[in-house]
Amino acid sequence: MKIYDVAIIGAGITGTAIARELSKYKLKTLLIDKEVDIAFGGATKANTGIIHAGYDDPPGSNRAKYCPKGNSLWPKLAKELEIPFKQTSSFVVVFNEEDVKELENLLERGRKNGVPRLEIIHDKKRLAQMEPHLSPRAVAALWAPTAGIISPYEAAIALAENARENGVEIFLETRVERVKVENGEVKGVETSRGFIPAKVVVNAAGLYADEISRTAGVDYFTIHPRKGEYHIYDKRLGHLARRPLFPTPTPISKGIVVTPTVEGNLLIGPNARDISDKEDTSTTREGLDEVMRGAAKLIPGIEKYRRLIIRNFAGLRAEPSTRDFIVEAYDDPRGFINVAGIRSPGLTSAPAIAQAVAEMIAEKELLKLQKKEKFNPYRKAIPRVVEMPPSEANKLIKEKPEYGHIICRCEHVSEGEVIEAIRRGAKTIDGIKFRTRAGMGRCQGGFCTYYVLKILARELGVPEEKVTKRGKGSELFPYKIKELVRRDENAS
Ligand SMILES: Cc1cc2nc3c(=O)[nH]c(=O)nc-3n(C[C@H](O)[C@H](O)[C@H](O)COP(=O)(O)OP(=O)(O)OC[C@H]3O[C@@H](n4cnc5c(N)ncnc54)[C@H](O)[C@@H]3O)c2cc1C
C-alpha cells in the first residue's frame with residue numbers, strides 16, 4: 001500500500017493552497033475531499049471574494065499575522081495561475097464625524113498589523129470622485145489600497161490543478177472518518193474508501209475540522225456555523241461600486257458590504273447569523289432584507305433595482321470557539337496539523353497559512369523538505385473566446401471549431417471551454433459553472449444547462465440521466481419519460 005508523506009483533508013481554498021505549497025517539495029502528497037469536486041463542500045464557494053488588506057484583525061492574533069501576508073502573496077500567485085484578480089483597494093465608510101475616531105482606530109490597528117499605505121480620506125469631494133454612487137452622507141473613509149477582489153472557487157480550482165501538475169494526487173468523493181493515531185504518532189486516515197497511510201495529516205476540513213481533530217485526540221475547540229446571506233446583481237449594476245465598500249465592523253463580522261465581483265457583477269452581503277446546522281445554506285426573507293437595508297446605507301436607492309438581482313445565496317463561516325485561526329502542529333499526536341477555524345479572512349490568508357504549514361513540517365522535523373528542481377509555478381486558464389481579440393479568437397476557432405459554438409448566451413461561453421473544463425476534471429453541471437461561468441449569468445442556466453448536460457454526457461460517456469448538478473443525488477433528469485411510462489404500466 002502506498003504510504004503518503006502528507007494527507008490533506010479538505011479541498012477548499014486552505015487545503016488547495018497547502019497542496020500547491022507542498023508540491024514545491026519532493027513529497028508524496030494527497031489531497032482528499034468528501035465532495036465530487038474542488039471547493040464544493042464549504043465556505044470557499046460562497047463568500048464575498050475580497051482579498052482583505054488586514055486592518056481589522058486584533059494585533060497579535062493569527063488572523064492579523066496571516067491576512068496581510070496572504071494579501072501580499074495573492075498578486076503574484078494570481079498571475080502565475082491566471083486566476084481572475086483585481087487590486088481594487090477598499091473603503092470603510094463612516095457617516096458622521098464622531099465615527100471618524102473608529103477609522104483612526106482601524107488605521108492604527110492596520111499599522112500594527114503591517115498593512116501598508118492606509119489613509120483616511122476625510123474629504124467629501126474626493127470620496128465622491130472615487131466612488132460616484134456612494135451615499136452623499138458619507139463623511140470619511142479608510143482607504144486600503146492593497147485590498148482586492150478574486151474569484152474564490154476559481155482560485156481553489158487553479159491551485160489544485162497546479163498542485164496536481166506538480167505531482168499531488170487528489171481523491172474526491174472520499175470522506176475522512178477519522179485520523180488513525182498509534183503510540184502518539186499519526187499513521188494515516190480511515191476513509192469511506194478504506195485506510196490511507198500517511199506520515200503527516202493536515203486537517204483543513206472547514207466546518208468539520210473540530211470533529212476530525214477530536215478523532216486525533218485534540219479536542220479543546222469547537223466550530224459552529226455563522227451564516228452570511230447575499231444578493232448578487234446582473235452585470236448592468238457592476239458600476240455602482242468600484243471597490244469593496246464596508247461599514248465599520250461589528251463585533252462578529254466585517255459588516256454588510258457592497259462590492260463589485262471580479263467578473264463584473266455587484267454583490268451585496270453578508271449578514272452574520274449564528275446557527276447550529278452545518279449544512280444549512282438556505283436563505284431567508286429576513287436575512288436578505290437585512291442585507292438590502294445594510295447595502296442601502298452605502299448606496300442609496302439600491303432597493304430600486306431588485307429586478308436586477310439574479311441570485312441569492314448563503315455561505316457558512318467556520319467560527320471557532322477560540323475566535324482565531326488554529327494553525328498548529330502537535331507533539332502528541334506527532335504528525336497531526338490543525339488548520340482549523342479558518343473563518344474570514346481565510347480566503348486572503350490561505351497562501352500565507354500554506355507557507356506556515358510547510359515551515360511547521362520543517363521545524364518539527366516531521367519530514368525532510370527538499371525543493372524539487374522542476375517545480376512548475378504556472379497554470380494556464382481555460383481560454384475564454386469572449387475575452388480574446390478577434391484575430392486570436394478566429395485562429396482558435398479555425399483550429400478547434402467547438403470554440404465557435406456559444407452554448408451560454410449570458411456569459412458567452414463556448415462548447416470548447418466546456419470540453420476543456422471536463423478535460424481538467426469537471427464532472428457535474430456546477431463543476432462546469434465554476435470553471436467556465438456557464439450558468440452564472442442573467443438567465444441562471446435557463447438556456448445553457450441542457451447543452452452543458454449533453455456535452456457532459458457525451459464527453460464522460462454516461463447517459464444523460466446520470467449527469468448531476470453537484471454529485472450523487474442531484475441528477476437533473478432522474479429517468480427518461482419512456483422509463484416512467486414503463487413504471488406506470490407495471491404498477492397498474
Ligand atoms: C459569508 C462569508 C464571507 C466571507 N468573505 C470572505 C472574504 O471576502 N475574504 C476572505 O478572505 N475570507 C472570506 N470568508 C472566509 C473564507 O471564505 C473562508 O475562510 C475559506 O473559504 C475557508 O476555506 P477552507 O478551505 O478552510 O474551508 P472550506 O472551503 O469550508 O473547505 C473545507 C473542505 O473540507 C471538506 N471536508 C469536510 N469534512 C471532510 C471530511 N470528513 N472528509 C473529507 N473532506 C471533508 C469539505 O467538503 C470542504 O470542501 C468568508 C466566509 C463566509 C462564509
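The values are calculated or read from the model by the stated rules, or taken from the named source; none is laboratory data. Not measured: the values here are computed from a predicted model. Neighbour counts are summed over all protein chains in view; Cβ atoms, including those assigned to glycine, are modelled from backbone coordinates with ideal geometry.
Quickly run through the range 1-34 and pick out the residues that are touching a Gly at 6+ places or on another chain (Cβ under 7 Å) and more than 9 Å from the ligand (Cβ to nearest atom).
A7, I8, S23, L31
Go through the range 455-492 and count every residue that is over 24 Å from E417 (Cβ atoms) and without any contact (Cβ under 8 Å) to a residue 12 or more places away in the chain.
Here the count works out to 13.
Would you mind stating whether D37 is more than 7 Å from the ligand (Cβ to nearest atom), more than 24 Å from I422 (Cβ to Cβ), crowded, with 24+ Cβ neighbours inside 10 Å and among the acidic types (D, E)? Quick ask: steps written out before the conclusion?
On the way: more than 7 Å from the ligand (Cβ to nearest atom): yes; more than 24 Å from I422 (Cβ to Cβ): no; crowded, with 24+ Cβ neighbours inside 10 Å: yes; among the acidic types (D, E): yes.
It is false that D37 is more than 7 Å from the ligand (Cβ to nearest atom), more than 24 Å from I422 (Cβ to Cβ), crowded, with 24+ Cβ neighbours inside 10 Å and among the acidic types (D, E).
Starting from residues that are away from the ligand (no atom under 14 Å from the Cβ) and touching a residue at least 40 places away in the same chain (Cβ under 8 Å), keep the ones in the range 43-60 and report whichever is farthest from I223 (Cα to Cα).
P59
Can you find even one residue in the range 7-15 that is closer than 30 Å to A140 by Cα, modelled with pLDDT of 95 or more and part of a strand (DSSP E or B)?
For the range 7-15, residues closer than 30 Å to A140 by Cα, modelled with pLDDT of 95 or more and part of a strand (DSSP E or B): absent.
Looking only at the range 307-335, count every residue that is away from the ligand (no atom under 15 Å from the Cβ) and outside any helix (DSSP H, G or I) and tell me the total. Walk me through how you get there before you give the answer.
Residues of the range 307-335 that are away from the ligand (no atom under 15 Å from the Cβ), as a first pass: 307-310, 321, 329-335.
Within this subset, residues satisfying the condition of being outside any helix (DSSP H, G or I) are 309-310, 321, 329-335.
Looking only at that region, the number is 10.
Quick one: how many residues across the range 313-352 are hydrophobic (A, V, I, L, M, F, W, C), closer than 17 Å to K69 by Cβ and within 15 Å of the chain's Cα centre (by Cα)?
Number satisfying all stated conditions: 3.
Which pairs do you get when a residue that is in contact (Cβ under 8 Å) with a residue 60 or more places away in the chain, found in the range 285-302, comes within reach of a residue that is aromatic (F, W, Y), reach meaning Cβ atoms under 7 angstrom, with the pair 6+ apart or on two chains?
Once the first residue is in contact (Cβ under 8 Å) with a residue 60 or more places away in the chain and sits in the range 285-302, its partners that are aromatic (F, W, Y) give V291/Y230.
Can you name every residue in the range 292-306 that is assigned to a helix (DSSP H, G or I) and surrounded by 14 or more Cβ atoms within 10 Å (Cβ to Cβ)?
Within the range 292-306, M292, G294, A295, A296, K297, L298, I302, Y305 qualify.
So the check is Cβ under 7 Å with 6+ separation or different chains; which pairs have a first residue in the range 1-19 that's farther than 13 Å from V189 by Cα and in the same structural domain as V176 (by TED's automatic domain parsing) and a second one that's part of a helix (DSSP H, G or I) and within 6 Å of the ligand (Cβ to nearest atom)?
Hits for this filter: G12/A43; G12/T44; G12/G206; I13/T44; I13/G346; I13/L347; T14/G346.
Evaluate the range 475-487: report whether one residue or more is under 20 Å from T428 (Cβ atoms), surrounded by 14 or more Cβ atoms within 10 Å (Cβ to Cβ), within 38 Å of the chain's Cα centre (by Cα) and among the charged types (D, E, K, R).
yes
Which one of I353, I361 is touching a Leu at 6+ places or on another chain (Cβ under 6 Å), at pLDDT 95 or above, under 30 Å from D5 (Cβ atoms) and assigned by TED's automatic domain parsing to the domain that holds K65?
Result of the check over I353, I361: I361.
Between a first residue in the range 327-345 that is under 25 Å from K254 (Cα atoms) and a second residue that is in a loop (DSSP other than H, G, I, E, B) and not β-branched (V, I, T), which pairs have beta carbons less than 6 Å apart while being 6 or more apart in sequence or on different chains?
Close Cβ pairs (under 6 Å, with a partner that is in a loop (DSSP other than H, G, I, E, B) and not β-branched (V, I, T)) amount to V339/A204; G341/F325; I342/F325; P345/H52.
Looking at L347 and the list (1) more than 9 Å from the ligand (Cβ to nearest atom); (2) in a helix (DSSP H, G or I), which single condition is not satisfied?
Failed condition: (1).
Just a yes or no: is a residue in the range 103-126 touching a residue at least 60 places away in the same chain (Cβ under 8 Å), more than 27 Å from the chain's Cα centre (by Cα) and either more than 22 Å from K65 (Cα to Cα) or crowded, with 18+ Cβ neighbours inside 10 Å (or both)? Outline the logic, then answer.
If we filter the range 103-126 for residues that are touching a residue at least 60 places away in the same chain (Cβ under 8 Å), which is where we start, we get 103, 106, 114-115, 118.
Checking the rest, the ones that are also more than 27 Å from the chain's Cα centre (by Cα) come to 103.
Those left that are additionally either more than 22 Å from K65 (Cα to Cα) or crowded, with 18+ Cβ neighbours inside 10 Å (or both): 103.
Yes.
So which residues in the range 247-272 are more than 10 Å from the ligand (Cβ to nearest atom), part of a strand (DSSP E or B) and touching a residue at least 40 places away in the same chain (Cβ under 8 Å), if there are any at all?
Selection gives V258, P260.
So I432 passes all but one of these: (1) of a type in the set (A, V, I, L, M); (2) in contact with a strand residue (DSSP E or B) (Cβ under 7 Å, 6 or more places away or on another chain); (3) closer than 20 Å to A155 by Cβ. Which condition number does it fail?
The one condition I432 does not meet is (2).
Quick one: would you say A426 is within 16 Å of the ligand (Cβ to nearest atom) and not assigned by TED's automatic domain parsing to the domain that holds G15?
On the way: within 16 Å of the ligand (Cβ to nearest atom): yes; not assigned by TED's automatic domain parsing to the domain that holds G15: yes.
Spelling it out, A426 is indeed within 16 Å of the ligand (Cβ to nearest atom) and not assigned by TED's automatic domain parsing to the domain that holds G15.
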